[in-house]
Each structure stands twice: as C-alpha cells, then as structure tokens.
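Here's the structure we're looking at; comments come further down.
Nothing in this text is a laboratory measurement; each read-out follows from the coordinates by a stated rule. Treat the numbers as computed from the prediction; the structure is a model and nothing was measured. Ideal geometry is used to build each Cβ from the backbone, glycine not excepted, and the neighbour counts take in all protein chains shown.
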Amino acid sequence: MKTSEDLESYLVELGLPYEEVETDLWIVKDEAEQVAILVSLSGPVILIRINICNRPADEPKELYRLLLKLNATELLYGAYGLEGEHVVLVEVLSVEHTSFAMFRETLEALFMTVATQRGMIERATGRSLQTSNQEG
C-alpha cells in the first residue's frame, strides 16, 4: 500500500511545482497552462481535482450539455462534474494499483484536457476561465 511519503516522492519525481497545503493534500501547478491540480490521499484512493470555473448563476444548459458530451466522447481520464459552486474535473485512482507512470500519465492527461477544452468551456459559459486553484 502506498503512503503519503510515496505519493510525495511521485510529486518530487514529476518535477512540477507543488505545495503540501495540509496532511495528505497537495496542490500541483502547471505554470505554462496556469492550471493547478489538487491531489489528496484519502484511505484507499488518490483523489485528483481541478476547479474549472465557478458554477454559472444562470445555469447555462449549453455548458452542461457540453460537459456531458466531453465526458462521453473526449475524456480518457477523469470526468466533469459539479461540486458545490464549482464545475470540476475529477479523477480517482486506487492507491494500491497506482504506479509512478500511471500517476504521471493521469496528471499529464488532465493538464492536457484543460488546455485543449478550455476554449469550448469558455464559449459555453460566456467568460474567461480561471483554473489556477483554489482549495474550495
């Protein structure tokens, strides 16, 4: 079973800036894309989350239709969802079965997802996204 130290060693090996904000919770940043990923160790799983944007007050049907379409047709890793007042991209990995290669591949895929889909989501919300994280 992987430990908090194992997961932090993966973060060090990635070479991306990260910060431990509390026990078993890290923020990993991709400065080039201005994206931050929250990574947390919670029992038998590694939870990975990116806040995409605040949930629009006007609840645009086009946005939710787009997110469902992207979930079904474009995402290899993760899924879009709603968490409180945020639209998020999330992924869950089994602690026991996650190698460094799988962890790296997952983070890279999530960073790439945000980079390639940001424009579509901005058009659906009618505003620019700020994904540089946010713990809430």
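Length gained on full extension, Ser99 to Glu59: 10.5 nm, using 0.36 nm per residue less the C-alpha separation. Note: the chain, Cα convex hull, 102 Å³ per residue. Among complete DSSP H helices in the chain, those whose alpha-carbon atoms stretch at least 20 Å along the helix's long axis and whose mean Kyte-Doolittle hydropathy reaches -0.5 are 100-125. Spacing of the modelled spin labels on Arg127 and Glu19, each 7 Å from Cα toward Cβ, amounts to 2.4 nm.
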